[in-house]
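Written below as C-alpha cells is the structure these notes are about.
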Amino acid sequence: MSFNIAVAGKGGVGKTSLSGILIEYLVSKGLGPILAVDADANANLNEVLGEVIELSIGEIKEEVNKAEMAGVPLPPGVTKSDFFQLRLNQAIAEGNGYDLLVMGRSQGAGCYCYVNGILKNQLDILAKNYSHIVVDNEAGMEHLSRGTLGKIDILLLVSDSSRRGIQAVGRIKELVAELNLKVPVIKLIVNRAPGGVLNEGIAEEIERQGLDLIGVVPLDQNVFEYDAYGKPLVDLPADSPSKVALREIVDKLGILKK
Ligand SMILES: Nc1ncnc2c1ncn2[C@@H]1O[C@H](COP(=O)(O)OP(=O)(O)OP(=O)(O)O)[C@@H](O)[C@H]1O
Ligand SMILES: [Mg+2]
C-alpha cells in the first residue's frame with residue numbers, strides 16, 4: 001500500500017510551493033515510485049514542478065459523463081470503466097523521478113456520481129503502483145471530505161504567518177476529526193515567516209488551536225523571483241532558505257530511507 005501525504009490549508013499560503021519542493025526532495029532521497037496529485041481545480045503544481053499537463057481527470061470525467069448521459073458507448077465495445085482506465089493512464093505525466101496526475105475540473109452538466117464512483121475505483125487501482133503519493137489540495141476540503149483520495153498517512157497543514165491562516169488549519173483539523181478520518185500524523189508548517197521567526201501571537205494561536213508545529217519556513221526572496229519569472233521552484237538553489245527549512249521538516253517526519 002502506498003504511503004499518502006496530503007497538504008492542506010487556506011488559500012495562497014504556499015501549499016503548492018511546499019508540495020513541489022517536498023516531491024523533489026523525496027525523489028532526491030531515492031523514495032519512489034512517487035505519484036504527485038494536483039487536487040486543485042485551478043491546477044498549478046505542474047508549474048512548480050516544471051511539467052506540462054495535457055489531460056486532467058476532470059476532462060476524462062466530462063468525456064465519460066457525456067457518453068453516459070447520451071447513452072452512447074465510447075468507443076464502441078469498450079466499457080466506461082475500461083475507457084476511464086485507458087484515459088487515466090494517458091493523463092499521467094512522467095516527471096523527473098515521479099508521475100503527476102491532475103484532478104482538474106469538470107464543467108459539464110448533470111450528476112457526476114456515476115463517474116466519481118469509477119474514478120475512486122480507478123484511483124485505488126492506480127495507487128497500488130506507488131510507494132508514496134503526495135496530494136496538493138485546493139483551499140477547500142472537498143477531496144478530503146469526499147474521501148476521493150482514500151487514506152491519509154500524514155496530513156501537512158500549511159499556514160502563513162497569520163492568525164487567520166492558523167485558524168483555518170485549526171478548522172481543517174476539526175473537520176478531519178468530525179469526519180472520523182483516521183489520520184495518524186497531522187503536523188503544522190508555518191510558511192512565509194519573516195526572517196524564519198515565529199511571531200509570539202501566532203505561537204499562542206497555534207497552542208490555542210491545539211496544532212502540532214513541525215517547522216517554520218521563512219519568507220524566501222528566491223521564491224518571489226522564481227515565481228515572478230515563471231521558473232519552476234524545484235530548480236531553486238539547494239541553499240535557498242525555504243528549501244533548507246522544508247528539508248529539515250521532512251527529515252523530522254521520519255519517512256526517508258535510513
Ligand atoms: N516561503 C515562501 N517565500 C516567499 N514566497 C512564497 C513562499 N511560499 C510561497 N510563496 C509564494 O506565495 C504565493 C502562493 O503560493 P502557493 O501557490 O504555493 O500557495 P497555495 O496555498 O498553493 O495557493 P492556492 O490556495 O491558490 O492553491 C506564490 O506566489 C508563491 O510564490
Ligand atoms: Mg495551490
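The values are calculated or read from the model by the stated rules, or taken from the named source; none is laboratory data. Remember, predicted model here, so these are calculated numbers, not experimental data. We place every Cβ from the backbone using ideal geometry, glycine too, and count neighbours over all the protein chains shown. Side chains are part of the model used for accessible areas, which takes the heavy atoms of the whole protein and leaves out ligands, DNA and RNA. Shrake-Rupley method; radii C 1.70, N 1.55, O 1.52, S 1.80 Å.
Values as computed for the structure displayed
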{"item": "Criterion violated by residue 93 - all others in (1) within 16 Å of ligand 1 (Cβ to nearest atom); (2) closer than 22 Å to residue 46 by Cβ; (3) in contact with a strand residue (DSSP E or B) (Cβ under 7 Å, 6 or more places away or on another chain) satisfied", "result": "(1)"}
{"item": "Qualifying residue in region 218-233 (condition: within 16 Å of residue 156 (Cα to Cα) and in contact with a strand residue (DSSP E or B) (Cβ under 9 Å, 6 or more places away or on another chain))", "result": "no"}
{"item": "Some residue of region 160-175 being among the aliphatic types (A, V, I, L, M), under 30 Å from residue 47 (Cα atoms) and open to solvent by 40 Å² or more (accessible area, probe 1.4 Å)", "result": "yes"}
{"item": "Residue tally, condition surrounded by fewer than 19 Cβ atoms within 10 Å (Cβ to Cβ) and either modelled with pLDDT under 90 or within 16 Å of ligand 1 (Cβ to nearest atom) (or both), over region 96-121", "result": "13"}
{"item": "Leading residue by the ranking (modelled with the highest pLDDT) among those in region 122-149 that are small (Gly, Ala, Ser) and within 16 Å of ligand 1 (Cβ to nearest atom)", "result": "139"}
{"item": "Residue list for region 230-240, restricted to those being open to solvent by 60 Å² or more (accessible area, probe 1.4 Å) and over 15 Å from residue 50 (Cβ atoms)", "result": "238, 239"}
{"item": "Qualifying position, being more than 16 Å from ligand 1 (Cβ to nearest atom), open to solvent by less than 50 Å² (accessible area, probe 1.4 Å) and more than 20 Å from the chain's Cα centre (by Cα), among 78, 27, 72, 64", "result": "64"}
{"item": "Selection status of residue 14, within 28 Å of residue 183 (Cβ to Cβ), within 16 Å of ligand 2 (Cβ to nearest atom) and at pLDDT 90 or above", "result": "yes"}
{"item": "From the options 115, 134, residue that is among the hydrophobic types (A, V, I, L, M, F, W, C), in contact (Cβ under 8 Å) with a residue 12 or more places away in the chain and either touching a Gly at 6+ places or on another chain (Cβ under 9 Å) or under 21 Å from residue 31 (Cβ atoms) (or both)", "result": "134"}
{"item": "Selection within region 176-199 - polar (S, T, N, Q) and open to solvent by 50 Å² or more (accessible area, probe 1.4 Å)", "result": "180, 199"}
{"item": "Those helices (runs of 4 or more DSSP H) lying entirely in region 147-258 with at least 2 residues basic (Lys, Arg)", "result": "163-178, 241-253"}
{"item": "Residue 9 being within 16 Å of ligand 1 (Cβ to nearest atom), open to solvent by less than 40 Å² (accessible area, probe 1.4 Å), modelled with pLDDT of 95 or more and touching an Asp or Glu at 6+ places or on another chain (Cβ under 9 Å)", "result": "yes"}
{"item": "Residue among 36, 41 that alone is surrounded by 20 or more Cβ atoms within 10 Å (Cβ to Cβ) and within 16 Å of ligand 2 (Cβ to nearest atom)", "result": "36"}
